[in-house]
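Worksheet: one structure, shown below.
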Amino acid sequence: MDKLNVGIIGTGLAFSRLHYPAYQELFDKFEIVALCDPEPEKTRPWGEQLGLGGNNIYTDYRSMLWRGDINVFDIMVPIEHNYRVTEDVARAIAHQPGRAIICEKPLATNYEQARVHAELPRRYGVPIMIAENYRYSEETNIIRDLVRQKKIGDSVYFIHNRVICFPEDMLKNEFARKEWRQHPVFAGGVIMDTGVHDVAALRHIFGAIDKLQSFGVPHHDDFAPYAVINVNMRFKSGITGQFSFYSAGKEMQRPLIGLRIFGTAGMIYLEERDCGTINISYNDGRTEQIHYRPQRGYYNELLNIYNAIAGREIISVTPEMEYGDAKTILDMLRSAKDGSTIAVDNTGNYIPAYHPAYQPQFEFHPVNWH
């Protein structure tokens, strides 16, 4: 299969720091042929760098949807626009073989939009991949396999502690500096924007969540309704655990708490996702270290969409799957607000993509582009 032509919608930090480096690495499989951003000062230097003429640069994404030469639309817009833009693109390319959409996480800002977004692939006959890089990262997949293979016996419970300092990050040239993140119009703020990654990883490792109950410490900053949220979880597999997300402080002591999974024969420990090492300690005193390459999720997700369009594999992270991740965050916020215990994956039909019983929404067939 020849290169796939890509149209970029949104040329902010997600494009420049996350997606574009992966496109560079996969230069033999993708070619960026069009750019769109409402701020021309962002697209102008990218157009020069990529050698794109003015007729390939847009300020309104709707003007580029009718181009027949774009195989993949990669959407990287503020969270509150994810659903609307994705539906517009899906409608424009409905039932056209060999065309697909990549949408950043989370897929929507509320229950209703998230549920409808999950139905977009079936409604319009368009394959959609959600760019949830934690589900594509090496460390998450290694840990998932260790749990499935009972490397530490039966997994009993876990602790996952995530600490960031959003107020400090707002002063740096980072994602937190964006006005729409500091004063979000979507539920949960940074808990939704960042915490959804951790939730996705936990659901990827352990599967469907049965119930959860949350407690939060409110604060008056706009970036999140709670300084910290603590969540007790029970998965349908029987494993229980606690997820804590602290958005306004620091964890100063090393090693970090990180992710710790306790089993009947030992323990799995990941300090943080960039450390490059998964530690296994066995009850008989043995230890083991598994090394991985950090930050490979962006590369792996692009490779997945390429191979899916080529008919070699299925899309691993669909809107239907990401709906469960976003719903979990919304359930956490609702529980923290009213103190309720909430059934999360209550449909009973959540099956991870790696499960033998998983049925993909689309069967791709090889496509050659000339």
Interchain or sequence-distant (5+) residues whose placed amide H lies within less than 5 Å of the amide H of Leu4 are Phe30, Glu31
Take the cross-link list Lys151/Lys211; Lys151/Lys236; Lys151/Lys337; Lys29/Lys327; Lys250/Lys327 and give me the ones stretching past 29 Å between alpha-carbons. Lys151/Lys337; Lys29/Lys327
Please determine, in degrees from 0 to 90 and to the nearest 10, the orientation of helix 40-50 with respect to the longest principal axis defined by the Cα atoms of the chain, where the helix direction is its Cα long axis. 80
Longest principal axis of the chain (C-alpha) makes with the long axis of helix 82-92 (C-alpha) an angle, in degrees to the nearest 10, of 40
For the chain, report the convex hull volume of the alpha-carbon atoms normalised per residue, in Å³, without decimals. 137
Over segment 30-168 - Rg/Rh using Cα atoms and the Kirkwood inverse-distance radius: 1.07
Counting other Cβ atoms within 10 Å, keep those with at most 15, restrict to DSSP loop, and tell me which GluC sites (Glu not before Pro) in segment 161-231 are left. Glu174
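Go ahead and estimate [θ] at 222 nm for the chain from helices alone: -39,500 (n - 2.57) per DSSP H run with n ≥ 4, summed, over the residue count, rounded to 500.
-9000 deg cm²/dmol
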Give me the percent of DSSP beta bridges within the chain that run antiparallel, rounded to the nearest 5. 60
Cα convex hull volume per residue for segment 208-260 (Å³): 90
Please determine, in degrees from 0 to 90 and to the nearest 10, the orientation of helix 319-338 with respect to the longest principal axis defined by the Cα atoms of the chain, where the helix direction is its Cα long axis. 50
Using a 10 Å cut-off on Cβ atoms, rank the peptides 182-194, 242-254 from the highest mean neighbour count down. 182-194, 242-254
At q = 0.12, 0.16, 0.24 Å⁻¹, what log₁₀ I(q)/I(0) does a Debye calculation on the Cα points of segment 63-119 give, no solvent, two decimals? -0.27, -0.47, -0.97
Once the convex hull of the C-alpha atoms of segment 135-294 is built, how many Å³ does it hold per residue, rounded to a whole number? 119
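Read the figures in this text as sums done on the coordinates, not as results from a lab. The structure displayed is predicted, hence computed values, not measured ones. Don't worry about glycine lacking a Cβ; one is built from the backbone with ideal geometry, like all the others, and counts go over all protein chains shown.
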